[in-house]
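What follows is a set of notes on a single structure, which appears directly below.
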Amino acid sequence: MQYKIPVSVLVVVHTPALEVLLLERADRPGFWQSVTGSQHDAGEALRDTAVREVKEETGVDAARYELADWHKQNRYEIYRRWRARYAPDVTHNIEHVFGLQLPGKIEIRLAPREHLRYEWLPWRDAAERVFSWSNAQAIRELPQRVRKGTE
């Protein structure tokens, strides 16, 4: 078995009007999130991980739009139900946050094994809907980041 690397990206996909794309997990119906995913190997650049995950989960080519590394990291304990995916001694993940601004709400092509549905929500509603504290925190930072031009 090849274990997942405990280094991941969180990509907050949004419009200039701060509408945020959320995806409902197929393995946990009712759990909504932004685009997330782990590095395939330790040599994969984080930006490449973000581009790959956005493409895999939404069908969107992030390289064509404004993808910004927020230079923000979160360390969190991996939920027990997902720990079997990692090496036996791994309990925590380091998540790197990115923002992806699209020109507007666009059609999304979901990966059916990963997600059931998607929704575009105003940023405040999106922050309330997601199950992860780090995802909610990133969405709440969105207005500041867009205003400051760090997005």
**Asked** In sequence order, what are the phi-derived ³J(HN,Hα) couplings for the stretch 80-88 according to the Karplus relation 6.51 cos²θ - 1.76 cosθ + 1.60 with θ = phi - 60°, rounded to whole Hz, with x for glycine and proline?
**Response** 4, 5, 10, 5, 5, 6, 10, 4, x
**Request:** For the stretch 1-56, state the semi-axes of the equivalent ellipsoid (square roots of 5 times the eigenvalues of the alpha-carbon gyration tensor), sorted largest first and rounded to whole angstrom.
**Result:** 22, 16, 7
**Asked** Could you give the accessible area per residue of the stretch 45-137, probe 1.4 Å, as a whole number in Å²?
**Response** 58 Å²
**Asked** Hey, what's the Cα Rg ratio for the stretch 24-151 versus the globular rule of thumb, 2.2 N^0.38 Å?
**Response** 1.05
**Prompt:** Where does helix 46-58 land angle-wise versus the long Cα axis of the chain, in degrees 0 to 90, nearest 10?
**Reply:** 80 degrees
**Message:** Taking θ = phi - 60°, what integer Hz values does the Karplus form 6.51 cos²θ - 1.76 cosθ + 1.60 yield along the stretch 63-76, in sequence order, with x for Gly and Pro?
**Reply:** 5, 8, 10, 8, 9, 10, 7, 7, 6, 10, 10, 10, 10, 9
**Asked** How about the stretch 110-146: which trypsin sites (Lys or Arg not before Pro) there are in a DSSP loop, with at most 16 other Cβ atoms within 10 Å of their Cβ?
**Response** Arg113
**Item:** Furthest towards positive pole of dipole, Leu102, Leu10, Ala127, structure part the chain, Cβ charges
**Value:** Ala127
**Item:** Computed [θ] at 222 nm, deg cm²/dmol, the chain (DSSP H ≥ 4; -39,500 (n - 2.57); rounded to nearest 500)
**Value:** -7500 deg cm²/dmol
**Prompt:** What's the tally of Lys pairs in the chain whose alpha-carbon atoms lie under 23 angstrom apart, where the two lysines are 8 or more places apart or on different chains?
**Reply:** 6
**Item:** Given 13 as the ceiling on other Cβ atoms within 10 Å, longest exposed-site-free region of the chain for chymotrypsin sites (Phe, Trp or Tyr not before Pro) in DSSP loops
**Value:** 4-78
**Prompt:** Of the heavy-atom accessible surface of the stretch 70-131 (probe 1.4 angstrom), what whole percent is carbon and sulfur?
**Reply:** 48 percent
**Asked** If one takes the longest principal axis of the Cα atoms in the chain, at what angle in degrees, from 0 to 90 and to the nearest 10, does the Cα axis of helix 133-148 lie?
**Response** 40 degrees
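The values are calculated or read from the model by the stated rules, or taken from the named source; none is laboratory data. No experiment lies behind these values; they were computed from the predicted model shown. All Cβ positions, even for glycine, are placed from backbone atoms using ideal geometry, and neighbour counts span all protein chains on display. We work out accessible area using only protein heavy atoms, side chains counted, and drop any ligands, DNA or RNA first. Shrake-Rupley method; radii C 1.70, N 1.55, O 1.52, S 1.80 Å.
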